[in-house]
Amino acid sequence: MARIAIDLHGGDFGPSILIPACFRYFRANPQHHGVLFGNLNARQAFKHSCPANIEWIDTNDISDLAHKPAQLMRRDGFSSIETAFKAVRDGQVDALVSAEHTGVLLVLVGKYGALHPALNRPVLAAWLPTLTGTAMMLDLGASFTANQQQLLTYAAVGKALASTGEANPRLSLLNVGAEYYKGPEALRLAHATLQGWSDIDYRGFIEASDIFSGQADVIVCDGFTGNSIIKASAGALDLTFALLKARLEHGLLKPLLAWWLKRQLTTVLKKLDPRLANGALVAGSNLLVVKSHGNANDRAFASAIERAVSALALDSTGKIRRELDKLVEKWPLD
């Protein structure tokens with residue numbers, strides 16, 4: 001049984017979306033327990049349909065401090081997100097899921113958790129749909145640039161999360177081309193080092209056009225690039241749906257054609273929707289924290305809760321720590 005803390009005041013929509021998402025997940029998974037942190041006034045409209053495996057902790061939202069994350073280090077906070085972080089730190093819950101923005105989560109991981117010495121800040125790792133299954137990409141915005149050492153630590157985190165015990169994960173560095181001489185110096189140096197790693201299946205550089213092809217299990221890049229790709233992919237998918245809808249809305253036969261196409265395409269396109277793989281691990285500390293997209297709907301946020309439960313079952317924080325320990329021992333970092 002997992003006890004999962006939920007911050008109800010994060011994201012674009014707050015409790016109006018997050019509470020139904022929690023109800024959806026914990027009603028379908030009665031073996032797990034949800035602890036919802038937020039203003040109890042938001043509960044009134046939902047209290048009669050609340051599953052028995054959910055409890056509520058009355059707290060305030062983070063207010064304007066969300067726009068000034070650095071100030072969170074200088075005060076003892078009692079907002080929903082900070083109270084939830086304290087609960088994870090103190091072992092009252094096993095993991096935390098929040099749609100709060102990345103800056104707040106990074107600051108609070110540093111405030112309430114212990115970051116591995118190999119990292120200078122946490123790394124965001126998320127799973128992307130591909131033609132053959134899923135691939136992990138990291139970093140997705142925790143650090144906007146990355147030097148050689150950071151890229152190697154990202155590779156170690158990705159290896160820990162992608163290893164199944166059956167085969168070494170296929171790992172690639174995202175670059176502007178597949179040729180060994182292309183890209184910034186940091187990428188080329190990391191490329192040279194990764195070729196000496198015996199416990200990964202290093203595939204060299206990969207281009208952005210091949211991310212969703214299934215050629216790699218782990219794709220490593222700097223946070224600016226990773227974040228841009230995730231958001232551009234979601235935007236491209238939205239554009240595809242919008243253009244199809246606009247094209248098929250008019251005409252006598254078009255509604256019937258639209259209905260038929262929707263049935264045919266939904267299964268295919270659903271697999272490629274990045275939001276259905278919602279939930280990025282804020283990885284590298286002793287706390288298990290999952291970040292949801294800020295604009296996630298109730299189904300997507302429920303997926304983020306499932307991500308936290310799965311990470312617990314796989315001992316993700318322990319696997320990452322052990323892999324980073326091996327990295328420091330084998331490839332000493334400055």
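So what's the projected area for the stretch 1-57, the Cα convex hull averaged over all directions, in nm²?
Averaging across all directions leaves 3.5 nm² for the Cα convex hull.
With every protein chain left in place, what is the accessible area per residue of the chain in square angstrom, probe 1.4 Å?
48
Accessible area of the chain with a 1.4 Å probe: how many percent of it is carbon plus sulfur?
Ligands and nucleic acids excluded, carbon and sulfur give 55 percent.
Go ahead and run the numbers for FRET between Thr164 and Asp58, Cβ-Cβ distance against an R0 of 45 Å, rounding to 0.05.
FRET efficiency, Thr164 to Asp58: 0.60.
What residue among Leu312, Leu281, Leu128 has the largest mean-square fluctuation in a Gaussian network model of the chain, using Cα springs under 10 Å?
Leu312
Scattering from the C-alpha atoms of the stretch 89-173 alone, worked out with Debye: what is log10 I(q)/I(0) at q = 0.12, 0.17, 0.18, 0.24 1/Å?
Normalising to I(0) and taking log10 leaves -0.43, -0.85, -0.94, -1.34.
Quote to one decimal, in nm, the extra length available between Leu189 and Lys231 on full extension: 0.36 nm per residue of separation minus the C-alpha distance between them.
Answer, rounded to one decimal: 12.3 nm.
Relative to the compact globular guide of 2.2 N^0.38 Å, what is the alpha carbon radius of gyration of the stretch 117-216, as a ratio?
Against the compact-globule rule of thumb, the ratio is 1.01.
Across the chain, what fraction of all alpha-carbon pairs, as a whole percent, falls in each successive 20 Å bin from zero upward?
31, 54, 15, 0
According to a simple spin-label model (label point 7 Å from Cα along Cα-to-Cβ), what is the distance in nm between Ser310 and Ala242?
2.9
The values are calculated or read from the model by the stated rules, or taken from the named source; none is laboratory data. Since we're looking at a predicted model, the values are computed, not measured. We place every Cβ from the backbone using ideal geometry, glycine too, and count neighbours over all the protein chains shown. Only protein heavy atoms, including side chains, enter the accessible area calculation; ligands, DNA and RNA are left aside. Shrake-Rupley method; radii C 1.70, N 1.55, O 1.52, S 1.80 Å.
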